[in-house]
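The values are calculated or read from the model by the stated rules, or taken from the named source; none is laboratory data. Everything numeric in this text was worked out from a predicted model, so none of it was measured. Please note: Cβ atoms are built from the backbone with ideal geometry, for glycine as well, and neighbour counts cover all protein chains shown.
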C-alpha cells in the first residue's frame, strides 16, 4: 500500500510507476532507439557522398557546407513543422528532420578526416597501384575513421536528445511520455523518461567509443597515453573538427 | 504550394499579429527571454572560461560540460521545471533552461580559444615584460576572439531554438504559434509559425556573423 501511495502523492521517484508502466516505458524506449538509429544511419549514408562531393573543390564545398550549416541553424520545432505538409504526422517526418540535423556534423567531420590523410599515404598507395576507389576504401577511410567516429558520436548523442521533440507529432519516443505527463504534473513519469533519455545518450556514446577502439586498433599502439574514455569523450571532441560548435564552418561558408 | 500560400496569407493577416496570443506579442516574448538568457549566460560563462583559459586550468570541466549539454534534451529540462512550483514564476523556467543550454557552447569555445593561443606568442609577450593582465587584454583576448564569437553564435542560435521548444510545455514565445496550430489542426499556421522561428534563428546567426566581421580585433579574413 505504501508503494501505491507514491502515485497518489506524486513523488519524483516511484517504484510502483516503474513496475506498472514498464511496458509503456519499454515501448517508448524502443521507439526512441529505433528513430535514433534509423536517423543516424540514413544521415551517415547521405553525409558520405556529400563529403566526397565537397572534397572535389571549393565550388562544391561552399554550397554543401553552407546548406548543412543553414539546416543546423533552423530550430528543431520549426524543422519538424516545416516538414509537416510533406510527411504529415509520421515517424518519417521526425527521421527526416533528424537526418538533416546530423548532416552538419557528419559531413564536416568526414571531410576533415579525409583531408587530414597524409599525402604520403596517398602517394604510397597510388605507387602500389591502388585505383581511386580502393584508395578511398582501404587507405583514406580507415585513416579518417577517428574523425568520422568522433562526428558520429556527437551526431548520435544530439539525435537521442532531439528525438524527444518528435513528440510534437506523437513520434518522440520517450518524449511522448514526457508530454503525456505534463497536463497532470506527473513527476515520476517526467523524471523517469528524462533520465532514460540521458542514459540512452550515454550508452550510445560509450557503445560508439567501443566500436571506434575496435575499428582502429592502431591508435592504441601509437604510445601516446589516451585518457580512458569517459562518457563525454572529452579527448576526441576538441580535436574533432566538428568539436565545439564546429570551428571550420564559418571560414568555409565565406568561401562559398 | 497550397500550404505555402495559406501560410503566406496567415502571415500577412493583421489579426494574427495583434492581441495577447498574436505573433507580435510572441515575438516580443521570444526576444525578451532570449536576450535576458544570453546576457546572463555570457555573464556567467565568459569570465569563468577566460579566467580558466588564462591560468590554464579546468580544461576537463570546460570540455565535458558541452558534452553534457548535448546529451540532455531541452524538452526534458523544460518539462522537469514545469512539474515543479517553478511553473508559476512567469518567464523564469524558460530563462533558466535557456541559460543552462547557452553556457556550454560559450564556456567551451572561449576556453578552447584561450588555450589555442600560440604558446610561443605568450612566451614572447612575457619576455617583453607584459604583466598577466596586459598579456590577457593585449594578446590572449584578441587571439581567442574568433573562438569566443563562434561560441556566442552557437549559444545565440541554441537560445533561440530552445526558446521555441518552451511552447511545447505551454510557455510563451514564437513556438506557441506552432503548437497552437497543431492543436487546431491548422497546418498553415504551423507552417507560418515555423517560418517565423526559422527566420528569426537565421537572422540572429546572420547578424552575429556580420558583427563578428565588423568587430574582429584583427580585422583580417580567416583563410578558408
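Structure notes:
Matching residues to (1) over 30 Å from residue A:174 (Cβ atoms); (2) in a helix (DSSP H, G or I):
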position	(1), (2)
B:50	yes, yes
B:81	no, yes
B:86	no, yes
B:90	no, no
B:96	no, yes
B:101	no, yes
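- Counting only residues that are without any contact (Cβ under 8 Å) to a residue 12 or more places away in the chain and more than 9 Å from chain B (Cβ to nearest Cβ), region A:185-206 holds 2 of them.
- Exclusive hit being over 21 Å from residue B:72 (Cβ atoms) and within 14 Å of chain A (Cβ to nearest Cβ), set B:128, B:168, B:149: B:149
Conditions (1) closer than 19 Å to residue B:175 by Cα; (2) free of Cβ contacts under 8 Å to residues at least 60 places away in the same chain, marked per residue:
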| site | (1), (2) |
| --- | --- |
| A:71 | yes, yes |
| A:74 | yes, yes |
| A:80 | yes, no |
| A:84 | yes, no |
| A:102 | no, no |
| A:106 | no, no |
| A:113 | no, no |
| A:119 | no, yes |
| A:128 | no, yes |
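- Every pair of residues 6+ apart whose Cβ atoms lie under 8 Å, when the first sits in region B:173-199 and is more than 10 Å from chain A (Cβ to nearest Cβ) and modelled with pLDDT under 90 while the second is surrounded by fewer than 19 Cβ atoms within 10 Å (Cβ to Cβ) and part of a helix (DSSP H, G or I): B:186/B:180
- Residues of region B:70-106 that turn out to be touching a helix residue (DSSP H, G or I) at 6+ places or on another chain (Cβ under 8 Å), more than 9 Å from chain A (Cβ to nearest Cβ) and over 19 Å from residue B:168 (Cβ atoms), as a count: 2
Residues checked against (1) within 24 Å of residue B:70 (Cβ to Cβ); (2) within 9 Å of chain B (Cβ to nearest Cβ); (3) surrounded by fewer than 17 Cβ atoms within 10 Å (Cβ to Cβ); (4) at pLDDT below 90:
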{"site": "A:47", "(1), (2), (3), (4)": "yes, no, no, no"}
{"site": "A:53", "(1), (2), (3), (4)": "no, no, yes, no"}
{"site": "A:59", "(1), (2), (3), (4)": "no, no, yes, yes"}
{"site": "A:66", "(1), (2), (3), (4)": "yes, no, yes, yes"}
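- For region A:127-171, taking the residues that are more than 14 Å from chain B (Cβ to nearest Cβ) and assigned to a loop (DSSP other than H, G, I, E, B), the one that is surrounded by the most Cβ atoms within 10 Å (Cβ to Cβ) is identified as A:130.
- The criterion of at least 1 residues that are under 30 Å from residue A:186 (Cβ atoms) and over 23 Å from the mean Cα position of the chain (by Cα) is met by the following helices (runs of 4 or more DSSP H) wholly inside region A:1-90: A:2-8, A:15-20, A:22-55.
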